[in-house]
Amino acid sequence: MESRLNYFGNAVAGKVMKHLNSANKVVADSTLPVATQELVKIRASQINGCGFCTDMHTKDAIAGGETQQRLNLVAVWREAKVFTDSERAALELTEQGTRTADAAGGVSDEVWTNAAKHFDEDQLAALISQIAIINAYNRINVINQQPAGDYKPGMFG
């Protein structure tokens with residue numbers, strides 16, 4: 001599989017990525033737990049069919065100490081016993097925030113209230129931002145048909 005264009009080598013794309021990466025750095029530096037950040041990125045990437053991001057974030061999660069068992073179960077998190085209540089709340093918010101076209105009402109009040117039980121206001125802001133940012137990355141890579149499998153942790157910085 002070849003990408004449709006060399007997105008990472010394009011000047012316009014480079015400017016866009018600079019801003020997305022800066023926004024992502026704000027979230028990375030927030031108090032939202034790193035494990036939660038990675039789970040959110042993985043789940044949104046799975047939903048969006050973004051192989052490039054799924055490859056990247058599972059490898060980054062492993063490099064950060066995440067277990068293979070938990071990574072294997074992200075797609076079926078509702079049935080898995082290995083996630084905390086706060087991670088479950090984040091995963092549900094991620095699913096509803098990613099699948100906005102599938103639900104006329106967007107994110108339900110129930111899902112929001114549950115997330116707000118587990119995260120403070122700054123963490124909620126980071127969580128919302130993480131969901132939006134990973135969905136943007138996913139769309140870029142899916143539209144461009146960015147191939148997956150070659151990512152090595154830390155290769156982008």
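The values are calculated or read from the model by the stated rules, or taken from the named source; none is laboratory data. In this text, all values refer to a predicted model and were calculated from it rather than measured experimentally. Every residue, glycine as well, gets a Cβ built from its backbone with ideal geometry; the counts of neighbours run over all protein chains shown. Remember, those area values only see protein heavy atoms, side chains included, never the ligands or the DNA or RNA. Shrake-Rupley method; radii C 1.70, N 1.55, O 1.52, S 1.80 Å.
Pairs of Cα atoms in the chain fall into 10 Å distance bins, from 0 up to the last occupied one, in shares of 10, 41, 36, 12, 1 percent.
Averaged per residue, what accessible surface does segment 1-75 expose to a 1.4 Å probe, in Å²? Walk me through the numbers before you get to the answer.
Working: 4050 Å² over 75 residues.
Accessible area per residue: 54 Å².
For the options Ala11, Ala61, Ala23, a Gaussian network treatment of the chain with springs between C-alpha atoms closer than 10 Å singles out Ala11 as fluctuating the most.
With a 1.4 Å probe and every protein chain kept in, tell me what percent of the accessible surface of segment 1-122 is carbon plus sulfur. Intermediate values should be presented prior to the final figure.
Details: 3680 of 6940 Å².
Answer for segment 1-122 is 53 percent, counting heavy atoms of protein chains only.
For the options Asp102, Asp85, Asp120, a Gaussian network treatment of the chain with springs between C-alpha atoms closer than 10 Å singles out Asp102 as fluctuating the most.
For the chain, the 222 nm mean residue ellipticity estimated from helices alone, with every DSSP H stretch of n ≥ 4 adding -39500 (n - 2.57) and the total spread over all residues, rounds to -20500 deg cm²/dmol.
If I stretch the segment between Leu5 and Asp102 completely, what's the gain in nm (0.36 nm per residue apart, minus their alpha carbon distance), one decimal? Could the numbers behind the result be given before it?
Values: separation 97, 0.36 × 97 = 34.92 nm, distance 2.98 nm.
Going from the current span to full extension adds 31.9 nm.
Which entries in Lys25/Lys59; Lys15/Lys117; Lys15/Lys81; Lys18/Lys117; Lys15/Lys152 show an alpha-carbon gap greater than 30 Å? Cα-Cα > 30 Å for Lys15/Lys117; Lys15/Lys81; Lys18/Lys117; rest within. Between Ala63, Ala126, Ala89, the Gaussian network model of the chain with springs among Cα atoms under 10 angstrom shows the greatest mean-square fluctuation at Ala63. With a sphere of radius 12 Å drawn around the Cβ of Ala35, what net charge do the other residues whose Cβ falls strictly inside it have (Lys, Arg +1; Asp, Glu -1)? Result for the local shell: -2.
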